[in-house]
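Values in this text are rule-based calculations from the coordinates and carry no lab data. Predicted model, so just to flag it, every value in this text is computed and none were measured. Neighbour counts run over all protein chains shown; Cβ positions are idealised from the backbone, glycine included.
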Protein chains: 2
Amino acid sequence: MTAMASPSAGPRAPTDSNTADRPAVDGRRLLRRLEELAAVGPITGADGSRGSARLALTDADRDGRDLVVTWMRDLALSVSIDAIGNVIATRPARDGSLTSPVMTGSHIDTVRTGGRFDGNLGVLAGIEVIETLIERGIETTRPFAVAFFTNEEGARFSPDMLGSLVYAGGMTIEEAYDIVGIDGARVGDELARIGYLGAQPCPGPVPHAFVELHIEQGPVLELEGFRIGAVTGVQGISWTELTITGQSNHAGTTPMRFRHDAGYVAARIATFVRELATEIGHPHVGTVGKIDLHPNLVNVVAATAVMTVDLRNTDEAVLQESERRLHAFLDELSAAEGVTISKRTLARFEPVIFDDRVIDLVEKTASDLGNTVMRLPSGAGHDAQMMARLCPTAMIFTQSHLGISHNPAEHTDDADLVMGADVLLRVMLELSEGTVI
Amino acid sequence: MTAMASPSAGPRAPTDSNTADRPAVDGRRLLRRLEELAAVGPITGADGSRGSARLALTDADRDGRDLVVTWMRDLALSVSIDAIGNVIATRPARDGSLTSPVMTGSHIDTVRTGGRFDGNLGVLAGIEVIETLIERGIETTRPFAVAFFTNEEGARFSPDMLGSLVYAGGMTIEEAYDIVGIDGARVGDELARIGYLGAQPCPGPVPHAFVELHIEQGPVLELEGFRIGAVTGVQGISWTELTITGQSNHAGTTPMRFRHDAGYVAARIATFVRELATEIGHPHVGTVGKIDLHPNLVNVVAATAVMTVDLRNTDEAVLQESERRLHAFLDELSAAEGVTISKRTLARFEPVIFDDRVIDLVEKTASDLGNTVMRLPSGAGHDAQMMARLCPTAMIFTQSHLGISHNPAEHTDDADLVMGADVLLRVMLELSEGTVI
């Protein structure tokens, strides 16, 4: 196993060192499936890198689902499709039971400019884990399940993580069906159209535990020099849209003191968001990613600006404090500049804290496999945060090169992808034994 | 005349108080012509206000030109069209001479969302001045000329003030003909197409003096409580487009210290432009009117930003100093944030200083007519700044309500429009006598 701890090690086929109590996945098979799935809805990035576009519940998503379901059925797993289109494949326990499984999973829908690993890794590693067990004849105390959840990305339908949200009982199925996407399509209609409106009711059955493998989608592991992340939870998210209304005026003829410049106010808010993040300190992040000025001309003081503020923190109290300080600043600034600022909440999620026992297990298992391991919160949302409402949950992160994601240039070394699957396999086996939980 | 000094006075018809040495224009006629011209290419603003859209050398511009030329010809003026489409109507001097006239004029092209007065007032007031002289039988020592210049706005063809620039010899006619507009049309072709490619050569004949009446297009006169502006010159203009290239990243997963956020850098530049303007002080103005982020999404650190910086000052040395300080700041900021910033000059004009004798004459004349008068520079560019290359020049400003311009809501009180024409009439008569220049 020592060779696997080195990032320079390549993917690995089964070797004689595989034994029933120290199994390892078939890395080549996992990588081949990642390539095959990426070829469904293929796109090419500016640098020639290959990615995928499989927006939720489109034809491309259906093709991706069909491929993954084929793989599940080839393993003779029990495949169920639920009312929101989540697909769960289960291998029975030693005693033939299918209930209260050790569950893993993620998503296979992508953003319009998706990479090859975001979501896909977690689903295909789950299949690989189960195939490894079957191949080695390893039976388990609890059932093993692997799921892919509907519309995790939120790129077509809002909210994101819809499938796992509905699975966990956070939204009724009726409400979910009526969601209308960016193209005017309705979730219920699209599920039926692509043949994934299943019979299993939501909320779904409660697993014994849930562990999701995912690429980090951020640069921290790589930059800090850790190979595996033991994810402690998911940051709380506060998204606010601000509409600033000032006064359009000629940029040459309006003295500075007479201006009500919506563009300046937007810029000042963006610099305040940075100042606030610096002051609060890590792991707080604040981002102004979107600014639209009107009329957006070189020589016209902007009449209006629409912008977004994205604040995230792992601590709900600190997140609330950052919101309070932002709002106080907006009040001061609007009074000083003679503009109005209206606020609209686009999203608000409290931080999610994963189960300490599962986090510790991930950390220990990855470390035992020779990896450097960092405990860190997830900055992005994941299906695991919904499943955490139901059962003890944590996540495993692999490095993402440069933190690039939602981009065909998304990259994780082959050896890291395979190591992530090996950690997942060991963690699931341990959870199955009931020694940790 | 006292009543006219009050902003509450309405438009005025000729009265008995009109004498050969104290003539006044026919206010109703001027206002009626403003309405008639505004009805060519009519548009309606969001608040129901009426404006015009007559982009240079379009069919609508041709229709406006034809109407104004009809009014010129109705007065039996000598109408000439030059090679760049400027139209000049001249009333001979007492001795029959047509050379070295006292000249006024402005433009009748508009932006896409033009008001009723920008440009039009100066042209129609010039016609009104001449009609008043004809009506009263007042002969003058020098000829009187009124012009409208091609493509002052620059909304279809760049640069703005094209007709007066070519008239003054600042660009060759060949170069001007080859300018291609936003719709792909060529100036030379469009002049011929609408029948305004004239025979008079450019550069044009040198006037004795030039005075342009224009609405302020800014709020200063209204806010400072002055009725008439004696314009001292035109601010220098520096327009720069900045392209900031950073690194696109996930807003949730990328710690602040690892970011290269083009959106933050754009915002920080915009706040610096404000700080710089505050520090330099009036009359310096600095505006960031245009910011385009990419990909412009709530949860993505912007990869690139394209923005404009508009700096203006009446003092070339101060304008250059502000450019130097901006560039030094850009160097610091790009190094600190790990982004690249490329610069492209969109426009650069040195300040123009008008003729003190003509400025003094405008100030005294307006004051003699009972007005409060403010000496101020123009923040916007005007044809007068090109004519200032040829002869003693100044401008007369009337108030613009709230400084709103390039908008159908552009408004100047009727009494102010008429007073502006009266000041123009008196100033031109004085210039004709040769006592000032």
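Here are some notes:
- With a 10 Å cut-off around each Cβ of A:397-404, the average count of Cβ atoms from other chains is 3.
- Chain B - charge dipole about Cα centre, Lys and Arg +1 at Cβ, Asp and Glu -1, debye rounded to 20: 420
- Within straight-line reach of A:LYS343, meaning a Cα separation under 19 Å, sit the following aspartates and glutamates at least 8 residues removed in sequence or on another chain: A:GLU241, A:ASP261, A:ASP292, A:ASP310, A:GLU321, A:GLU323, A:ASP331, A:GLU332.
- Residues of segment B:291-332 with amide N under 16 Å of the 7 Å Cα→Cβ point at B:SER158: B:291-292, B:306-311
- 3J(HN,Hα) along segment B:283-291, derived from phi through the Karplus expression 6.51 cos²θ - 1.76 cosθ + 1.60 where θ = phi - 60°, amounts to x, 5, 10, x, 9, 10, x, 9, 9 Hz, with x in place of Gly and Pro.
- Summed over qualifying helices (DSSP H, 4 residues or more, each -39500 (n - 2.57)) and divided by its residue number, the protein assembly as shown shows a 222 nm mean residue ellipticity of -10500 deg cm²/dmol.
- Among the residues of A:234-242, the average count of other protein chain beta-carbon atoms within 10 Å of the residue beta-carbon is 1.
- Summarising the label geometry, the points placed 7 Å from Cα in the beta-carbon direction at A:GLU332 and B:ARG22 lie 5.9 nm from one another.
- Packing-based exposure ordering (other Cβ within 10 Å, fewest first) of A:SER164, B:SER238, B:SER158: B:SER158, B:SER238, A:SER164
- GNM on chain B, alpha-carbon springs under 10 angstrom: the most fluctuating residue among B:VAL123, B:VAL358, B:VAL79 is B:VAL79.
- Karplus 3J(HN,Hα) series, Hz, for segment A:210-218 with 6.51 cos²θ - 1.76 cosθ + 1.60 (x for Gly, Pro): 9, 9, 10, 9, 8, 5, 5, 6, x
- Contour excess over end-to-end distance, with Cα ends at A:ILE134 and A:ARG348 and 0.36 nm allotted per residue: 72.8 nm
- Helix A:27-38 vs. chain A, principal-axis angle (Cα, 0 to 90°, nearest 10): 50
- Residue among A:GLY289, A:GLY64, A:GLY122 with the largest mean-square fluctuation in a Gaussian network model of chain A, springs linking Cα atoms under 10 Å: A:GLY289
- Cut-off 13 Å between beta-carbons: net charge of the residues surrounding B:GLU337, Lys and Arg +1, Asp and Glu -1: +1
- Backbone amide hydrogens, once placed in the peptide plane, bring A:THR393 within less than 5 Å of A:PHE210, A:ASP355, excluding anything fewer than 5 places away on its chain.
- Cβ charges +1 (Lys, Arg) and -1 (Asp, Glu), total dipole of segment A:168-288, debye: 500
- Degrees, to the nearest 10: B:316-337 long Cα axis against longest axis of chain B: 20
- Interchain or long-range residues, amide H under 5 Å from B:ASN86's placed H: B:THR150
- Paramagnetic reach from A:ARG324 (point 7 Å along Cα→Cβ, amide N under 19 Å) across segment A:339-369: A:349-351
- As a length-normalised measure over Cα pairs under 8 Å and 6 or more apart, the relative contact order of segment A:254-406 settles at 19 percent.
- Charge dipole (segment B:185-290, unit charges on Cβ, about Cα centre) - positive-most of B:ILE269, B:ILE228, B:SER238: B:ILE269
- Sorted from shortest to longest, the distances between the A:ARG348 label points of this copy and the other copies are 5.1 nm, with each point 7 Å from Cα along the line through the beta carbon.
- Between the Cα long axis of helix A:414-433 and the first principal axis of chain A there is an angle of about 70°, rounded to the nearest 10.
- Residues whose amide H falls under 5 Å from that of B:ARG375, counting only those 5 or more places apart or on a different chain, are B:ALA230, with hydrogens built in the peptide plane.
- Put simply, when A:90-103, B:241-254 are sorted by average Cβ atoms within 10 angstrom per residue, most first, you get B:241-254, A:90-103.
- Prolate/oblate/rounded label for segment B:26-94 (Cα gyration tensor, a/c 1.5): oblate
- Value of D in µm² per second that Stokes-Einstein yields for the protein assembly as shown, Kirkwood Rh from Cα pairs, at 20 °C (1.002 mPa s): 69
- Among A:PRO159, A:ALA176, A:THR141 - extreme Cα towards positive end, dipole of segment A:124-196, charges at beta-carbon: A:THR141
- Most fluctuating residue given options A:ILE182, A:ILE88, A:ILE138, as computed from a GNM of chain A linking Cα atoms under 10 Å: A:ILE182
- Taking every C-alpha pair closer than 8 Å and separated by at least 6 residues, the mean separation divided by the residue count of chain A gives a relative contact order of 23 percent.
- Euclidean distance of C-alpha centroids, segment B:404-426 and segment A:79-106, integer Å: 78
- Straight-line cross-link reach from A:LYS364 at under 18 Å between alpha-carbon atoms covers these aspartates and glutamates, not counting any fewer than eight positions away in the same chain: A:ASP21, A:GLU212, A:ASP355, A:ASP356, A:ASP416, A:ASP422, A:GLU430, A:GLU433.
- Cut-off 17 Å (backbone N to label point 7 Å along Cα→Cβ of B:ARG112), residues of segment B:42-66: B:42-46, B:51-61
- Of interest is the spacing of the C-alpha centroids, which for segment B:319-360 and segment A:124-193 amounts to 55 Å.
- Under Karplus coefficients 6.51, -1.76 and 1.60, residue-wise ³J(HN,Hα) of segment A:58-72 in Hz, glycine/proline x: 8, 4, 5, 4, 4, 4, x, 4, 4, 4, 5, 5, 4, 4, 5
- Taking packing as the residue-averaged number of other Cβ atoms within 10 angstrom, the listed peptides A:29-36, B:398-405 run from highest to lowest as B:398-405, A:29-36.
- Only the Cβ atoms of Lys and Arg (+1) and of Asp and Glu (-1) were treated as charged; on that basis the dipole of segment A:120-162 about its Cα centre amounts to roughly 100 debye.
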